[in-house]
1. In deg cm²/dmol, rounded to 500, what helix-only [θ] at 222 nm does the chain give when every DSSP H run of at least 4 residues adds -39500 (n - 2.57) and the total is split over its residues?
2. In region 9-120, what is the volume of the convex hull around the alpha carbon atoms, normalised per residue and reported in Å³?
3. Provide the packing ranking of 96-105, 22-31, i.e. peptides ordered by the mean count of other C-beta atoms within 10 Å per residue, highest first.
4. Calculate, for Asp148 and Arg112, the FRET efficiency according to 1/(1 + (r/R0)^6) with r their C-beta to C-beta distance and R0 30 Å; round to the nearest 0.05.
5. Taking the Cα atoms only, what angle lies between the long axis of helix 163-173 and the longest principal axis of the chain, rounded to 10 degrees?
6. Quick one: among Arg187, Arg112, Arg127, which has the greatest mean-square fluctuation in a GNM of the chain with alpha-carbon springs under 10 angstrom?
7. Measure off 7 Å from each Cα along the Cα-to-Cβ vector at Lys17 and Arg47, then give the distance between these two points in nanometres to one decimal.
8. The chain: percent of C-alpha pairs farther apart than 31 Å?
Amino acid sequence: MDMMKILFKLDPNKEIKLNIDQTNFDEIVKEITAHDNMREFNTAYLRLELSDEYKELGGLKDKDDIVMIRENGDDSSIFFTGYIEKVEISFKDNGGLGLEICAISSFAKLERTYLNQQTISECTGFRKLISKIMEASGIVNSVTIDDDVDDRVSFSFVHNFPALSFLRQLLFQKDLIFITSKDDTMRILKRSNYVPSVAPIPVITAGDPRISSLRITRG
């Protein structure tokens, strides 16, 4: 039997785990979708109804981390990792609560970060520059750069410049692209090495067989 585990990290020392299977799916889940998108950052949407057992989730807030994991026996796979972009919480008379959550890949922090010359002026190589951009954006996720990517880099003066736009400019100059995965990691590779995925779209169903509890789409 498939099972969905959702981990909410309210702060560095507090993690709440929500286990969902066919015995409690209809009671808890109103909607769960996750999108693994090759052109934009991965996103997820959750609408849940929870008993007072999970009242601590009433403390969820923007930027808290979230991980969605599918488990089947000893096998498990990550369907989404990121942070909460928006959360709406409704408290019920019975002590329970409703959650409506919009989540996005941690790499979306690049959209809200602005770079200045002093931040990157000492970066003499492409890999060091990419590392500095991620650090400035508060991103601790894994970024891998293919071995055949040249480490040479050049860039002009930067002042209050959006980090994501700067990254895309660098990649365009070197004919590179980046790909983010469901486990919220990033790979930078030559455009000529990119092979689009042709894997089938997996769908989990639980409870009512007409309900799709999680769908991965590739755009």
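Computed from the coordinates by the stated procedures, all read-outs in this text should not be read as laboratory data. Values in this document were obtained by computation on a predicted structure and should not be read as measured data. Cβ: placed from backbone, ideal geometry, glycine included. Neighbour counts: every protein chain shown.
1. Taking each H run of at least 4 residues, the total per residue is -3500 deg cm²/dmol.
2. Dividing the Cα hull volume of region 9-120 by its residue count gives 149 Å³.
3. Per-residue Cβ counts within 10 Å, averaged per peptide and sorted highest first, yield 96-105, 22-31.
4. The calculated FRET efficiency here is 0.40.
5. 50 degrees
6. Arg112
7. It is 2.9 nm.
8. Value for the chain: 30 percent of Cα pairs lie more than 31 Å apart.
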